[in-house]
Amino acid sequence: MKRFLLSALLLITCTLLAQKPPANDGQPRNAIGMEFVKIAPGEFMMGCSKNDNECGGDENPRHRVQITRSFEIGKFEVTQAQWVALMQTNPSSNKGDTRPVETVSKLEAQDFIAKLNAMNDGFRYRLPTEAEWEYAARG
């Protein structure tokens, strides 16, 4: 379960820091079809809401976080087809080309990102920080 949650959180958020011309529909895409959306700078309250009883100990205290630079983040989870295009294997237990890749470790996610960066496509990929991910997820 931990590997599944890690893959869902990590792979949905392959962020890029460089700009690339958008595809015909206006959304930036890379060579394997990953689509990205721009997240503007801003601030938010990170952590659990006051009356949320399902928080973990590491989600408190709630505190203000400022995102000072815009970034782009994957619009969708990394699909199994996109994963296979770079990694040549599919570790997922629930198979399907258009389904999100799952059951990958953080190390495997980092290997995937290294291969994305090796494409030298004008993007620079990395995993987002916890604050960037939460800011983007809160929309």
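Any read-out appearing in this document is the output of simple, stated calculations on the displayed coordinates, not a laboratory observation. Here the structure is a predicted model, which is why all the values come from computation and not from measurement.
Things to note:
- Rounded to whole Hz, the Karplus (6.51, -1.76, 1.60) HN-Hα couplings of the stretch 52-67, x for glycine and proline: 7, 8, 9, 7, x, x, 7, 9, 10, x, 5, 8, 7, 10, 10, 9
- Residue 29 long-range amide H proximity, modeled H, under 5 Å: 23
- Amide H contacts of residue 79: 101, each under 5 Å away and 5 or more positions distant or on a separate chain (H built 1.01 Å from N in the peptide plane; Pro and chain starts excluded).
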